[in-house]
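Reading through the structure tokens given below for one structure.
What follows is calculated from the coordinates using simple rules that are stated; it is not laboratory data. Remember, predicted model here, so these are calculated numbers, not experimental data. We place every Cβ from the backbone using ideal geometry, glycine too, and count neighbours over all the protein chains shown.
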Amino acid sequence: MLESKYQVLVGPEGYLPPAAASMGVTLPEKGQALVEGSIVSEEEAIEKIAQKILEAKNPFLFPGPLLLWDWKEGVAEKAKAVKELADLAGTRIIPMPDYRPKYPMINPAVEINPNHPNLTIWHNKIDFCLFIGVHCHYANVALKIIRGGTDCYTIALCGEAGHEDAMISLRDVGLAQLASLTEAVARLKGVAGK
Amino acid sequence: MIEQKVVTPEQLFFEAEREEQFITGSEAIREAIKSANVDMAISYPITPQSESMHLVGDIFAEGYIKEYFRGENEFAVMSSVAGAAMAGVRVFTATGGPGTLRAFEMFPTWSGSRLPIVCAFMTRGINSPLTIQPDTLEMAYMLDTGMLMLHAENGQDLYDMVLKAFVIAEKPDVHVPVGVFADGFFVTHTRDKVNIAPADMKLPSYNPNCAPVPAMDMETVPFRQMRDPFVMKSNFISYAAHASWQQEILAAAERARKYIDSLLGGLIEVENEDADILIIASGTAVSQSREAIQQAKSEGLSVGLVKIKSLRPFPTEQIRRLAAKAKAVIIPEFNRVGWLCREVKTAVDDTTKVVGAPRVFGGMTMPPQLIVDEIRRCANE
Amino acid sequence: MNKSIFKITPCFEDIMPDEYKELVESDPFGKGLGVSQLGTYKELLEEHPLCAGCGLALSLRLILASLPNPEDTVIVGSTGCSALAFPQVALHNIHSVFGNQNAVASGLKRALKLRFPDKVKDVVVIAGDGATADIGLDMVMQSWFRCENITTIMLDNEAYANTGGQESGMSPQGTVLNMAPKGKKFPKISMPEIARESGCAYVAAISPAQPKRLEKMVRRAILTAREVGPSYVQIFSPCPTNYKFKPQEMVARIKQREKEGFFKSKEYITTEAQEYLAGLEEGKKDE
């Protein structure tokens, strides 16, 4: 295993940034999370996401097909929780309805695509984005491109094992983690408001 | 179907009481597949692989596997296996030598498509001239397909690696194909003691809903989905998408390291690591090295052994660390190109201490004496 | 899929791009629509990059409109012009590599049978003439020999068009195209007859100049593949770009070729398939 001190930081990192996994960043175990390439507790990462989302000038959520389509039990509930988070944090939402390279081009004002996520980020001047409900493979393809060419801070909330290529990533995300994140945002917002 | 109890991988691999059987490598494959809860297996004959897939056919007839057929050639078989995997079932196949090369286009395609296929490769020589005899040359070509590669030393390894390969391949963060390689004839056609888990237990079934890509079944979102879409327009955006996709396949192999550690006890096994002379080998070259080390010991020479079990991902850091302490590193191989020697040379700091010998090929056995000769030479330098 | 799972999650309805909303609002899933209803619902094929006047694009639209159960249809394509349109099709579809489409479809169909034993999942191969009659012919025929329950549709544009206009086995004899600089030396491959002799229970040849007949044949082919055996449909539609005729002349060109005797619509049906289809078509009349 490479024991590098590679950090997954906000870009633009360059022409072709490496996969963080190939630079020695490993995925967290259950109950843990990744912040900028280092393994931390899930609580710490949630706190950090809440901070970052509130600090951002133009934060966006990017829900993917697993959440945009009401295809199985539990999706609607999870989507509602994501919507609540967005409303509270004051973020806008741009969907990733599917993964196809779209012909002739996407409308970057209203959608995002994993093959060229940078177009949507540049167009809307997005400085913070949160992926949720995107199949892991396509999320990783997109997250590296974002790190390479934009200055957007990336979060990946994953239902499986997490994402090294996001600046912050939670694994096994369900309603409980979403509730904690919303609560952290509310708490920090309250502090900020006083 | 035969009644089998579904148990966790940990129960099956580490807790269930095993029974010792005296069986061939081909039979070890059969025993592994019995417990692997495989949905479909597709076969095509080629020596020395055929017998293993005959035996898999037999257990299909007994009810251990739901579907089995013989395809029309290796390229077609690897394509059918890909179709089945995209539909969201667990599949198994095997080939070797010329069959591997006939099918070659499909291996990077499997990886790029994130298909958790397990394929056993019973290695043999490659034409021309025609030979059916053991030779590990085909593994050189497989190193950069994006597949994970495990190399079995003996029947026990083959049994454990095939069975565990399904679990490693199907991890949502890995989810790339695994090739389990065994040296044809030396492993497939010889009998050895193999400890086998009870055949009335099997792994949990594959869950396509945890996959990093959607199954092609019209039950999984998104419904507007091509596996896999063309990313080939002539612009930087397309190149960047393709590049990121390729990097993700390499990343998947990196993520497999921890699962190989926990399930197979590591990417390597080391004996006597502080010795001045180290042998680094994989497959049956490890067994020959063990013999040679015994002989060298009787001459008062202390030699360490590094058995590489996983070639992809490659134990780069471990090899670098181990080689740094040694005076010489001997790499015996069953092929003419010395692919393991190349791999080791890319990992170590000082390549001058790497001895790419002995090498035998074309079906030759490797008399341990050849390795002892190298040990003596290194000791006298 | 059950139609109830094809919907946008309630709290995201407002943010979805229009084409997705339209697809959900007027989709063809589970409604038994056909070619006659084209224009009254949202088609499964979105905007695509095929050339103006391309008969494959029209054929593909007609095929998609003819699917008896689009909500449970998985398509396998191959490399070629049509593969450029497939990412824009709102059905699960597979592009593996060039020529292996029928082998992929064999594994796919058998696996879907295992996973969904109580449901019909139609597997339809749609590939070009190069993929079907040249590079993939062994796998096409072997899938027929094995009696796989799949439908194979060839989009016959009489050339390798996507790679820049090379002669294919389906080009007419004498054709001068790339890689046949002195003219093609052998006649067009008799694929319908090969299909008939290789175990297909239903075989048809048609062109997009006859949309209603094309629909009937595609439906018959897919229904036959479910219960009786493999089926084959060949759709004739020469390439305007490489055969250098005007896009608007595509249909006229097909009719002219038909008049000259170079193309003939045909249908071969085994007795078993005939009885099965008659049963189904009779049942439909009774409804």
Explain nothing, just the number: dipole magnitude of the stretch B:40-92 about its Cα centre with +1 on each Lys and Arg Cβ and -1 on each Asp and Glu Cβ, in debye rounded to the nearest 20. 180 debye
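Run through the stretch C:1-37 and list the trypsin sites (Lys or Arg not before Pro) located in a DSSP loop whose Cβ has at most 15 other Cβ atoms within 10 Å.
Working: sites: C:LYS3, C:LYS7, C:LYS21, C:LYS31; in loops: C:LYS7, C:LYS31.
In loop regions of the stretch C:1-37 (DSSP not H, G, I, E or B), the sparsely surrounded trypsin sites (Lys or Arg not before Pro) are C:LYS7, C:LYS31.
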Output needed: percent of Cα pairs per 10 Å distance bin for chain A, bins running from 0 to the one holding the longest distance. 10, 39, 38, 12, 1
Please compute the net charge surrounding C:LEU112, taking Lys and Arg as +1 and Asp and Glu as -1 over other residues with Cβ under 13 Å from its Cβ. 0
Taking the Cβ-Cβ separation of A:GLU183 and B:THR352 as r and a Förster radius of 60 Å, what is the calculated FRET efficiency to the nearest 0.05? 0.50
If you project the alpha carbons of the stretch B:202-264 onto their three principal axes, what span does each projection cover, largest first, in Å? 47, 31, 12
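Find the relative contact order for chain A and round it to a whole percent, using C-alpha pairs within less than 8 Å whose residues are 6+ positions apart. Mind dumping the intermediate values first?
Working: 391 pairs, mean separation 60.0, N = 194.
Normalised by residue count, the contact order of chain A is 31 percent.
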Label-reachable residues, the stretch A:27-64, where backbone N falls under 12 Å from a point 7 Å from A:GLN7's Cα toward its Cβ: A:36-38
Taking only Cα atoms, what is the 0 to 90° angle, nearest 10, from helix B:284-298's long axis to the longest principal axis of chain B? 20 degrees
Scalar couplings 3J(HN,Hα) for the stretch C:76-83 by Karplus 6.51 cos²θ - 1.76 cosθ + 1.60 (θ = phi - 60°), nearest whole Hz, x for Gly and Pro, are 10, x, 8, 5, x, 4, 4, 5
Translational diffusion coefficient of the stretch B:5-209 at 10 °C, 1.306 mPa s, Stokes-Einstein with Kirkwood Rh over Cα pairs, in µm²/s as a whole number. 96 µm²/s
Calculated diffusion of chain C, Stokes-Einstein form, Kirkwood radius summed over Cα pairs, 10 °C and 1.306 mPa s, µm²/s: 82 µm²/s
Report, by chain and number, residues whose modeled amide H sits under 5 Å from the one on B:ALA94, excluding near sequence neighbours (fewer than 5 apart, same chain). B:TYR44, B:ALA120
Can you compute the radius of gyration and Dmax for chain B, using only the Cα atoms, both in Å? 20.8, 69
So between B:GLU291 and B:ASP144, what do we pick up on full extension, going 0.36 nm a residue minus the alpha carbon distance? 49.8 nm
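With only Lys, Arg, Asp and Glu charged, each at its Cβ (+1 for the first two, -1 for the last two), find how big the charge dipole of the stretch B:1-116 is about the Cα centre; round to the nearest 20 debye. If you can, show how the numbers build up before the last one.
Numbers: 9 positive and 16 negative charges, 89 e Å.
Around 420 debye, computed over the stretch B:1-116.
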If I model a spin label at B:LYS327 and B:ARG342 as a point 7 Å from the Cα along the Cα→Cβ vector, what separation in nanometres do I get? 3.1 nm
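The stretch C:170-214: D in µm²/s via Stokes-Einstein (Kirkwood Rh, Cα pairs, 20 °C, 1.002 mPa s)?
Approximately 169 µm²/s, per Stokes-Einstein.
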Given 0.36 nm per residue, what is the gain on full extension from C:ALA278 to C:LYS182 after removing their alpha carbon distance, in nm? 29.7 nm
For q = 0.13, 0.15, 0.16 Å⁻¹, Debye-computed log10 I/I(0) when each Cα of the stretch C:174-287 counts as one equal scatterer: -0.62, -0.77, -0.84
For labels at B:GLU273 and C:ASP138 in the simple 7 Å Cα→Cβ model, what's the distance in nm? 4.8 nm
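Would you calculate the convex hull of the Cα atoms in the stretch B:59-178 and tell me its volume per residue in Å³? Numbers along the way, then the final one.
Numbers: hull volume 14.2 nm³, N = 120.
Normalising the Cα hull of the stretch B:59-178 by residue number yields 118 Å³.
Output the direction-averaged projected area (hull surface divided by four) of the convex hull of the alpha-carbon atoms of the protein assembly as shown, in nm².
Working: hull surface 154.4 nm².
Directional mean of the projected Cα hull area for the protein assembly as shown stands at 38.6 nm².
What 222 nm value per residue comes from the helices of the protein assembly as shown, counting each DSSP H run with n ≥ 4 as -39,500 (n - 2.57) and dividing by all residues, nearest 500 deg cm²/dmol? Could you put the intermediate results ahead of the total?
Details: 27 runs with 318 residues, N = 862.
Mean residue ellipticity, 222 nm, calculated: -11500 deg cm²/dmol.
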Across C:LYS184/C:LYS255; B:LYS164/B:LYS307; A:LYS72/B:LYS258; A:LYS5/B:LYS164; C:LYS31/C:LYS264; A:LYS30/C:LYS121, pairs whose alpha-carbon gap is larger than 28 Å: A:LYS72/B:LYS258; A:LYS5/B:LYS164; C:LYS31/C:LYS264; A:LYS30/C:LYS121
Percent relative contact order for the stretch B:269-380, counting Cα pairs under 8 Å at least six residues apart, stands at 32 percent
Contact order relative to length of the stretch C:172-287, as percent, for alpha carbon pairs under 8 angstrom and 6 or more apart: 26 percent
Compute the signed sum of charges (Lys and Arg +1, Asp and Glu -1) over the other residues within less than 13 Å, Cβ to Cβ, of A:ALA109. 0
When Cβ neighbours within 10 Å are restricted to other protein chains, what is their mean count per residue of peptide C:68-81? 2
Against the longest alpha carbon principal axis of chain B, how many degrees, from 0 to 90 and to the nearest 10, is the axis of helix B:155-170 turned? 40 degrees
